Amino acid sequence: MNNAFVDLTSFDNSLSLFLKKTKVNCDSILFSAIEYALNGGGKRVRPSLMLLTAAVLDVPQSIVIPYALAIECIHTYSLIHDDLPAMDNDDFRRGRPTVHKVFGEAIAILAGDALLNSAYEILLEQILENTNQNLIEASFSLAKAAGVFGMVGGQASELVFSSANEQFDKNAEKNLFEIYAKKTGALIIESISIPCILASIPPIHFQTFRSIGRSLGLVFQLTDDIIDTISGVDDGELTIVNYIGIDSAKNLVKEKQSEIIQSFSNLPYQTISLSKYINTLCDRTI
Ligand code: FPP
Ligand code: MG
(Lines give C-alpha, C1' and ligand atoms only; values in the text may rest on other atoms or scores of the structure.)
(Ligands and ions follow the chains in the order given, each with its own letter.)
Protein backbone atom coordinates (compact mmCIF):
# COMPACT_ATOMS: atom_id res chain seq x y z
CA MET A 1 0.00 0.00 0.00
CA ASN A 2 1.38 3.42 -0.97
CA ASN A 3 0.27 6.98 -0.40
CA ALA A 4 1.13 9.93 -2.62
CA PHE A 5 4.17 10.86 -0.54
CA VAL A 6 5.97 7.66 0.32
CA ASP A 7 6.74 4.38 -1.39
CA LEU A 8 5.82 1.67 1.10
CA THR A 9 6.85 -1.25 -1.13
CA SER A 10 9.85 -2.26 1.03
CA PHE A 11 7.76 -1.89 4.17
CA ASP A 12 5.01 -4.09 2.65
CA ASN A 13 7.56 -6.69 1.61
CA SER A 14 9.07 -6.91 5.07
CA LEU A 15 5.59 -7.09 6.60
CA SER A 16 4.77 -10.02 4.29
CA LEU A 17 8.01 -11.73 5.25
CA PHE A 18 7.25 -11.14 8.93
CA LEU A 19 3.80 -12.72 8.50
CA LYS A 20 5.28 -15.67 6.64
CA LYS A 21 7.78 -16.30 9.47
CA THR A 22 5.09 -15.82 12.12
CA LYS A 23 2.82 -18.37 10.46
CA VAL A 24 5.39 -21.13 10.99
CA ASN A 25 4.68 -22.86 14.31
CA CYS A 26 1.94 -20.34 15.21
CA ASP A 27 -1.49 -21.58 16.15
CA SER A 28 -3.63 -20.99 13.08
CA ILE A 29 -6.36 -18.99 14.86
CA LEU A 30 -3.77 -16.80 16.57
CA PHE A 31 -2.03 -16.25 13.23
CA SER A 32 -5.31 -15.41 11.47
CA ALA A 33 -6.08 -12.82 14.17
CA ILE A 34 -2.63 -11.24 13.81
CA GLU A 35 -2.93 -11.14 10.02
CA TYR A 36 -6.49 -9.78 10.18
CA ALA A 37 -5.33 -6.94 12.41
CA LEU A 38 -2.12 -6.10 10.55
CA ASN A 39 -3.72 -6.19 7.12
CA GLY A 40 -6.94 -4.49 8.11
CA GLY A 41 -6.71 -1.32 6.03
CA GLY A 42 -4.68 0.80 8.45
CA LYS A 43 -3.30 3.99 6.97
CA ARG A 44 0.31 3.13 7.94
CA VAL A 45 0.75 6.66 9.28
CA ARG A 46 3.60 5.81 11.65
CA PRO A 47 5.67 3.81 9.12
CA SER A 48 5.09 6.57 6.53
CA LEU A 49 6.30 9.26 8.93
CA MET A 50 9.29 7.14 9.81
CA LEU A 51 10.31 6.37 6.21
CA LEU A 52 9.84 10.00 5.15
CA THR A 53 11.92 11.29 8.07
CA ALA A 54 14.58 8.67 7.33
CA ALA A 55 14.71 9.89 3.72
CA VAL A 56 15.19 13.48 4.92
CA LEU A 57 18.15 12.37 7.06
CA ASP A 58 19.66 9.85 4.60
CA VAL A 59 19.05 6.89 6.90
CA PRO A 60 19.06 3.73 4.70
CA GLN A 61 15.65 2.05 4.36
CA SER A 62 17.15 -1.29 5.38
CA ILE A 63 18.05 0.18 8.80
CA VAL A 64 14.77 1.98 9.46
CA ILE A 65 12.31 -0.62 8.15
CA PRO A 66 12.57 -2.91 11.22
CA TYR A 67 11.55 0.13 13.32
CA ALA A 68 8.68 0.91 10.95
CA LEU A 69 7.49 -2.67 11.24
CA ALA A 70 7.93 -2.71 15.01
CA ILE A 71 5.96 0.52 15.50
CA GLU A 72 3.12 -0.75 13.28
CA CYS A 73 3.04 -3.98 15.33
CA ILE A 74 2.83 -1.93 18.55
CA HIS A 75 0.17 0.38 17.11
CA THR A 76 -1.85 -2.64 15.89
CA TYR A 77 -1.67 -4.37 19.27
CA SER A 78 -2.85 -1.16 20.95
CA LEU A 79 -5.91 -0.96 18.69
CA ILE A 80 -6.83 -4.62 19.34
CA HIS A 81 -6.63 -4.09 23.09
CA ASP A 82 -8.30 -0.66 22.96
CA ASP A 83 -11.35 -2.22 21.26
CA LEU A 84 -11.78 -4.95 23.90
CA PRO A 85 -14.87 -4.94 26.14
CA ALA A 86 -12.66 -4.06 29.13
CA MET A 87 -11.54 -0.90 27.34
CA ASP A 88 -13.58 0.94 24.69
CA ASN A 89 -15.77 -2.05 23.87
CA ASP A 90 -15.97 -1.38 20.14
CA ASP A 91 -17.53 -3.81 17.66
CA PHE A 92 -16.14 -2.17 14.52
CA ARG A 93 -12.86 -0.69 13.39
CA ARG A 94 -11.93 0.44 9.88
CA GLY A 95 -15.41 -0.66 8.78
CA ARG A 96 -14.87 -4.28 9.83
CA PRO A 97 -15.73 -6.24 12.98
CA THR A 98 -13.02 -5.83 15.62
CA VAL A 99 -10.55 -8.65 16.30
CA HIS A 100 -12.35 -9.89 19.43
CA LYS A 101 -15.68 -9.93 17.56
CA VAL A 102 -14.21 -12.24 14.91
CA PHE A 103 -11.81 -14.40 16.96
CA GLY A 104 -13.06 -14.04 20.54
CA GLU A 105 -11.65 -12.06 23.45
CA ALA A 106 -8.96 -14.51 24.53
CA ILE A 107 -7.41 -14.74 21.07
CA ALA A 108 -7.65 -10.96 20.66
CA ILE A 109 -5.72 -10.44 23.90
CA LEU A 110 -3.09 -12.96 22.81
CA ALA A 111 -2.82 -11.47 19.30
CA GLY A 112 -2.08 -8.10 20.93
CA ASP A 113 0.46 -9.70 23.27
CA ALA A 114 2.12 -11.50 20.36
CA LEU A 115 2.37 -8.31 18.30
CA LEU A 116 3.97 -6.39 21.15
CA ASN A 117 6.48 -9.17 21.64
CA SER A 118 7.14 -9.36 17.89
CA ALA A 119 8.07 -5.69 17.83
CA TYR A 120 10.99 -6.28 20.18
CA GLU A 121 11.97 -9.55 18.46
CA ILE A 122 12.27 -7.63 15.18
CA LEU A 123 14.42 -4.92 16.77
CA LEU A 124 16.64 -7.32 18.71
CA GLU A 125 17.21 -9.41 15.60
CA GLN A 126 18.68 -6.39 13.85
CA ILE A 127 20.81 -5.55 16.89
CA LEU A 128 22.15 -9.12 17.02
CA GLU A 129 23.41 -8.63 13.47
CA ASN A 130 24.79 -5.16 14.13
CA THR A 131 25.41 -3.98 17.71
CA ASN A 132 25.47 -0.32 16.82
CA GLN A 133 24.76 2.06 19.74
CA ASN A 134 22.21 4.09 17.75
CA LEU A 135 20.15 0.96 17.05
CA ILE A 136 20.05 0.22 20.79
CA GLU A 137 19.14 3.80 21.67
CA ALA A 138 16.37 3.92 19.06
CA SER A 139 14.92 0.64 20.36
CA PHE A 140 15.03 1.85 23.95
CA SER A 141 13.31 5.08 22.92
CA LEU A 142 10.50 3.14 21.20
CA ALA A 143 10.08 0.83 24.20
CA LYS A 144 9.73 3.82 26.54
CA ALA A 145 7.22 5.56 24.25
CA ALA A 146 5.07 2.42 24.09
CA GLY A 147 5.09 1.76 27.83
CA VAL A 148 4.11 3.37 31.11
CA PHE A 149 5.86 6.65 30.23
CA GLY A 150 3.90 6.88 26.99
CA MET A 151 1.06 4.99 25.34
CA VAL A 152 0.18 2.50 28.08
CA GLY A 153 0.48 5.22 30.73
CA GLY A 154 -1.79 7.52 28.70
CA GLN A 155 -4.36 4.79 28.18
CA ALA A 156 -4.39 4.04 31.93
CA SER A 157 -4.77 7.74 32.80
CA GLU A 158 -7.65 8.00 30.35
CA LEU A 159 -9.44 5.05 31.97
CA VAL A 160 -9.00 6.55 35.44
CA PHE A 161 -10.00 9.98 34.15
CA SER A 162 -13.18 8.68 32.48
CA SER A 163 -14.25 6.59 35.45
CA ALA A 164 -13.72 9.55 37.80
CA ASN A 165 -16.24 11.39 35.58
CA GLU A 166 -14.14 14.58 35.71
CA GLN A 167 -15.96 17.87 35.67
CA PHE A 168 -15.38 20.23 32.77
CA ASP A 169 -12.86 22.42 34.55
CA LYS A 170 -9.40 23.77 33.72
CA ASN A 171 -7.76 20.87 35.48
CA ALA A 172 -9.68 18.40 33.34
CA GLU A 173 -8.54 20.23 30.22
CA LYS A 174 -4.89 20.03 31.29
CA ASN A 175 -5.26 16.33 32.13
CA LEU A 176 -6.80 15.60 28.75
CA PHE A 177 -3.93 17.27 26.88
CA GLU A 178 -1.46 15.18 28.90
CA ILE A 179 -3.44 12.01 28.16
CA TYR A 180 -3.49 12.76 24.41
CA ALA A 181 0.24 13.47 24.42
CA LYS A 182 0.88 10.04 25.88
CA LYS A 183 -1.73 7.70 24.45
CA THR A 184 -1.50 8.99 20.86
CA GLY A 185 1.37 11.49 20.78
CA ALA A 186 4.10 9.20 22.10
CA LEU A 187 4.11 6.86 19.07
CA ILE A 188 3.72 9.74 16.60
CA ILE A 189 6.68 11.56 18.16
CA GLU A 190 8.63 8.31 18.07
CA SER A 191 7.94 7.80 14.35
CA ILE A 192 9.82 11.03 13.72
CA SER A 193 12.41 10.67 16.50
CA ILE A 194 13.73 7.23 15.61
CA PRO A 195 15.30 8.27 12.27
CA CYS A 196 16.82 11.26 14.11
CA ILE A 197 18.42 8.92 16.64
CA LEU A 198 19.60 6.58 13.87
CA ALA A 199 21.17 9.55 12.04
CA SER A 200 22.68 11.11 15.22
CA ILE A 201 21.53 14.58 14.23
CA PRO A 202 22.51 17.60 16.37
CA PRO A 203 20.38 17.96 19.55
CA ILE A 204 18.95 21.32 18.48
CA HIS A 205 17.45 19.81 15.31
CA PHE A 206 16.38 16.69 17.19
CA GLN A 207 14.36 18.93 19.53
CA THR A 208 12.73 20.66 16.54
CA PHE A 209 11.72 17.30 15.03
CA ARG A 210 10.33 16.21 18.39
CA SER A 211 8.31 19.39 18.74
CA ILE A 212 6.86 18.75 15.26
CA GLY A 213 5.95 15.26 16.50
CA ARG A 214 4.33 16.69 19.63
CA SER A 215 2.17 19.11 17.66
CA LEU A 216 1.27 16.43 15.13
CA GLY A 217 0.32 13.97 17.88
CA LEU A 218 -2.16 16.45 19.29
CA VAL A 219 -3.50 17.31 15.84
CA PHE A 220 -3.90 13.62 15.06
CA GLN A 221 -6.02 12.81 18.13
CA LEU A 222 -8.00 16.06 17.87
CA THR A 223 -8.77 15.30 14.22
CA ASP A 224 -9.89 11.78 15.17
CA ASP A 225 -12.25 13.26 17.76
CA ILE A 226 -13.51 15.96 15.37
CA ILE A 227 -14.26 13.31 12.70
CA ASP A 228 -16.09 11.15 15.30
CA THR A 229 -18.11 14.13 16.51
CA ILE A 230 -19.10 15.22 12.99
CA SER A 231 -20.04 11.67 11.96
CA GLY A 232 -22.09 11.22 15.13
CA VAL A 233 -19.80 8.58 16.68
CA ASP A 234 -19.81 10.22 20.09
CA ASP A 235 -19.89 7.52 22.75
CA GLY A 236 -19.96 10.02 25.61
CA GLU A 237 -16.19 9.96 26.18
CA LEU A 238 -14.83 13.15 27.64
CA THR A 239 -12.72 14.33 24.71
CA ILE A 240 -11.03 17.69 24.22
CA VAL A 241 -13.50 18.33 21.40
CA ASN A 242 -16.57 18.01 23.59
CA TYR A 243 -14.80 20.07 26.22
CA ILE A 244 -13.66 23.08 24.15
CA GLY A 245 -16.19 22.71 21.30
CA ILE A 246 -15.69 21.75 17.68
CA ASP A 247 -14.81 25.24 16.39
CA SER A 248 -12.11 25.78 19.02
CA ALA A 249 -10.79 22.29 18.32
CA LYS A 250 -10.58 23.07 14.60
CA ASN A 251 -8.80 26.35 15.40
CA LEU A 252 -6.37 24.49 17.62
CA VAL A 253 -5.58 22.11 14.75
CA LYS A 254 -4.85 25.13 12.51
CA GLU A 255 -2.69 26.72 15.21
CA LYS A 256 -0.63 23.52 15.62
CA GLN A 257 -0.36 23.17 11.84
CA SER A 258 1.15 26.70 11.64
CA GLU A 259 3.57 25.82 14.42
CA ILE A 260 4.64 22.73 12.47
CA ILE A 261 5.21 24.77 9.29
CA GLN A 262 7.24 27.28 11.31
CA SER A 263 9.35 24.50 12.85
CA PHE A 264 10.10 23.03 9.42
CA SER A 265 11.44 26.39 8.29
CA ASN A 266 14.03 26.19 11.12
CA LEU A 267 15.50 22.91 9.89
CA PRO A 268 18.51 22.78 7.56
CA TYR A 269 17.20 19.72 5.68
CA GLN A 270 15.20 19.06 2.52
CA THR A 271 11.86 18.28 4.18
CA ILE A 272 9.31 18.92 1.42
CA SER A 273 7.83 15.40 1.12
CA LEU A 274 7.66 14.97 4.89
CA SER A 275 6.06 18.36 5.46
CA LYS A 276 3.54 17.82 2.65
CA TYR A 277 2.55 14.46 4.12
CA ILE A 278 2.17 16.01 7.58
CA ASN A 279 0.00 18.73 6.06
CA THR A 280 -2.33 16.09 4.63
CA LEU A 281 -2.61 14.57 8.13
CA CYS A 282 -3.48 18.01 9.53
CA ASP A 283 -6.12 18.54 6.79
CA ARG A 284 -7.56 15.02 7.19
CA THR A 285 -11.37 14.73 7.14
CA ILE A 286 -11.77 10.94 7.12
C1 FPP B 1 -5.85 5.65 15.34
O2 FPP B 1 -4.68 5.66 14.53
C3 FPP B 1 -5.40 5.53 16.73
C4 FPP B 1 -5.17 6.56 17.54
C5 FPP B 1 -5.53 7.96 17.21
C6 FPP B 1 -4.51 6.28 18.88
C7 FPP B 1 -5.48 6.02 19.98
C8 FPP B 1 -4.75 5.46 21.14
C9 FPP B 1 -4.88 4.21 21.57
C10 FPP B 1 -5.86 3.30 20.91
C11 FPP B 1 -4.01 3.74 22.70
C12 FPP B 1 -4.41 2.38 23.19
C13 FPP B 1 -3.39 1.89 24.14
C14 FPP B 1 -3.42 0.68 24.75
C15 FPP B 1 -2.29 0.30 25.60
C16 FPP B 1 -4.54 -0.28 24.60
P17 FPP B 1 -4.73 5.56 12.96
O18 FPP B 1 -5.74 6.53 12.44
O19 FPP B 1 -3.34 5.68 12.44
O20 FPP B 1 -5.26 4.06 12.73
P21 FPP B 1 -5.23 3.17 11.42
O22 FPP B 1 -4.05 2.24 11.60
O23 FPP B 1 -6.54 2.45 11.46
O24 FPP B 1 -5.08 4.03 10.19
MG1 MG C 1 -9.70 4.39 23.59
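The values are calculated or read from the model by the stated rules, or taken from the named source; none is laboratory data. These numbers come from a predicted model, not from an experiment. Quick reminder, even Gly has a Cβ in these numbers, built from the backbone with ideal geometry, and neighbours come from all protein chains shown. Keep in mind that these areas ignore ligands, DNA and RNA; they rest on the heavy atoms of the full protein, side chains included. Shrake-Rupley method; radii C 1.70, N 1.55, O 1.52, S 1.80 Å.
Things worth noting here:
- Residues that are more than 30 Å from Ala54 (Cβ to Cβ) and not in a helix (DSSP H, G or I) within the stretch 238-286 comprise Leu238, Thr239, Gly245, listed in sequence order.
- Failed criterion for Ser200 (all others in (1) open to solvent by 20 Å² or more (accessible area, probe 1.4 Å); (2) on the phi < 0 side of the Ramachandran plot; (3) not aliphatic (A, V, I, L, M) hold): (2)
- Within the stretch 61-88, considering residues that are touching a His at 6+ places or on another chain (Cβ under 9 Å) and open to solvent by 20 Å² or more (accessible area, probe 1.4 Å), the one nearest to ligand 2 (Cβ to nearest atom): Met87
- Residues being more than 17 Å from Arg46 (Cβ to Cβ) and open to solvent by 30 Å² or more (accessible area, probe 1.4 Å) - total across the stretch 265-274: 6
- Residue match in the stretch 41-60 (condition: at pLDDT below 95, outside any helix (DSSP H, G or I), open to solvent by less than 20 Å² (accessible area, probe 1.4 Å) and within 15 Å of ligand 1 (Cβ to nearest atom)): no
- Residue in the stretch 205-217 that is farthest from Lys182 (Cα to Cα), counting only those that are away from ligand 2 (no atom under 16 Å from the Cβ) and of a type outside the set (S, T, N, Q): His205
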